[in-house]
Amino acid sequence: MARVAVVTGGSRGIGEAISKALKAAGCKVAATYHGNDDAAAKFKSATGIAVYKWDVGKFEDCKAGIAKVQAELGPVDILVNNAGITRDAAMHRMTPEQWQAVIDTNLNSAFYMSRAVIEGMRERGFGRIVNISSINGQKGQFGQTNYSAAKAGIIGFTKALAQESAAKGITVNAIAPGYIATEMVRAVPEDVLKKIVAQIPVGRLGEADEVARAVVFLASDQGGFITGSTLSINGGQYYV
């Protein structure tokens with residue numbers, strides 16, 4: 001029987017690549033989204049992957065959303081906590097709303113989503129949770145105290161949950177991408193983008209598919225001896 005995978009923020013950017021790669025690996029995939037109905041509809045039409053709309057920054061929405069996915073597709077075996085937003089500002093200008101929005105979507109969502117599936121995974125003796133962190137959660141970034149704090153928190157969350165879950169056949173890992181050639185990054189002014197690429201030893205941006213392939217491996221049976229790890233996919237830009 002095909003395993004059921006949920007990918008938050010799964011209809012665009014890195015999440016889109018992850019959803020498609022998991023489907024290609026034989027999973028039944030549910031891609032969540034929140035804001036862009038048109039993009040989600042196009043994604044569903046093009047891929048045949050089921051889409052579900054809810055706010056991953058709200059616990060009750062996650063609980064209800066997972067219940068609906070499991071009623072329609074079956075018990076969730078794989079969870080990819082990928083959803084993320086930015087609300088950049090220097091700390092001395094950042095509003096409480098900018099801080100809280102990023103913490104809710106990028107960090108609290110990992111707890112809300114994992115909490116909604118972890119009991120079932122423990123009962124069945126199998127689970128794969130992959131949390132998408134960031135290079136900026138490892139090294140920090142000017143104007144991103146909120147984002148960097150959330151993505152650093154993801155790494156600590158991953159290590160703790162991995163220890164709690166290993167004996168129940170559940171692995172929990174994180175991936176920390178560097179600069180990936182998504183629509184958002186491609187929209188950066190060309191002169192700024194050149195400066196970013198100049199800091200990457202391999203001399204290019206990463207591809208979303210490169211992150212997706214790593215997720216598929218960590219979610220597979222072959223990745224069963226890897227847990228509590230953070231895999232950096234950043235072209236050598238930052239070493240941990």
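The values are calculated or read from the model by the stated rules, or taken from the named source; none is laboratory data. Note that the coordinates shown come from a computational prediction; the quantities given were computed from them, not determined experimentally. Please note: Cβ atoms are built from the backbone with ideal geometry, for glycine as well, and neighbour counts cover all protein chains shown.
I'm trying to understand the selection: among the residues of segment 49-98, which are part of a helix (DSSP H, G or I) and among the polar types (S, T, N, Q)?
Once the filter is applied, which keeps residues that are part of a helix (DSSP H, G or I) and among the polar types (S, T, N, Q), segment 49-98 yields Gln70, Gln98.
Taking Val211 and the conditions (1) of a type in the set (Val, Ile, Thr); (2) at pLDDT 95 or above; (3) out of contact with any Pro (no Cβ under 6 Å at 6 or more places or on another chain); (4) within 30 Å of Val117 (Cβ to Cβ), which numbered condition does it fall short on, given that it satisfies the others?
Result: Val211 fails condition (3) only.
Filter segment 213-240 down to residues that are within 23 Å of Ala166 (Cα to Cα), free of Cβ contacts under 8 Å to residues at least 12 places away in the same chain and either touching an Asp or Glu at 6+ places or on another chain (Cβ under 9 Å) or loosely packed, with under 12 Cβ neighbours inside 10 Å (or both), then give me how many there are.
3
Any residue at all in segment 24-38 that is within 22 Å of Pro177 (Cα to Cα) and surrounded by fewer than 15 Cβ atoms within 10 Å (Cβ to Cβ)?
yes
Looking only at segment 167-212, filter to residues that are within 19 Å of Asp88 (Cβ to Cβ) and touching a helix residue (DSSP H, G or I) at 6+ places or on another chain (Cβ under 6 Å); which one of those is surrounded by the most Cβ atoms within 10 Å (Cβ to Cβ)?
Ala176
With segment 101-210 as the region, which helices (runs of 4 or more DSSP H) entirely inside it contain at least 1 residues that are within 29 Å of Ala24 (Cα to Cα) and touching a Cys at 6+ places or on another chain (Cβ under 9 Å)? Give the derivation first.
Values: elements: 109-124, 135-139, 145-165, 183-186, 190-198.
Output list reads 109-124.
Within segment 68-114, how many residues turn out to be in contact (Cβ under 8 Å) with a residue 12 or more places away in the chain and either more than 20 Å from Leu218 (Cβ to Cβ) or among the aliphatic types (A, V, I, L, M) (or both)?
Total satisfying the criteria: 31.
Yes or no, residue by residue, for (1) more than 15 Å from Asn108 (Cα to Cα); (2) touching a helix residue (DSSP H, G or I) at 6+ places or on another chain (Cβ under 6 Å); (3) surrounded by fewer than 19 Cβ atoms within 10 Å (Cβ to Cβ):
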position: Arg128; (1), (2), (3): yes, no, no
position: Asn136; (1), (2), (3): yes, yes, no
position: Lys139; (1), (2), (3): yes, no, yes
position: Phe142; (1), (2), (3): yes, no, yes
position: Gly156; (1), (2), (3): no, no, yes
position: Lys159; (1), (2), (3): yes, no, yes
position: Ser165; (1), (2), (3): yes, no, no
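Is at least one residue of segment 73-86 under 28 Å from Gln237 (Cα atoms) and surrounded by fewer than 20 Cβ atoms within 10 Å (Cβ to Cβ)?
Scanning segment 73-86 turns up at least one residue that is under 28 Å from Gln237 (Cα atoms) and surrounded by fewer than 20 Cβ atoms within 10 Å (Cβ to Cβ).
Out of Lys58, Lys53, I need the residue that is over 13 Å from Gly10 (Cβ atoms), without any contact (Cβ under 8 Å) to a residue 60 or more places away in the chain and charged (D, E, K, R). Which one?
Step by step, each of Lys58, Lys53 is checked, and only Lys58 is over 13 Å from Gly10 (Cβ atoms), without any contact (Cβ under 8 Å) to a residue 60 or more places away in the chain and charged (D, E, K, R).
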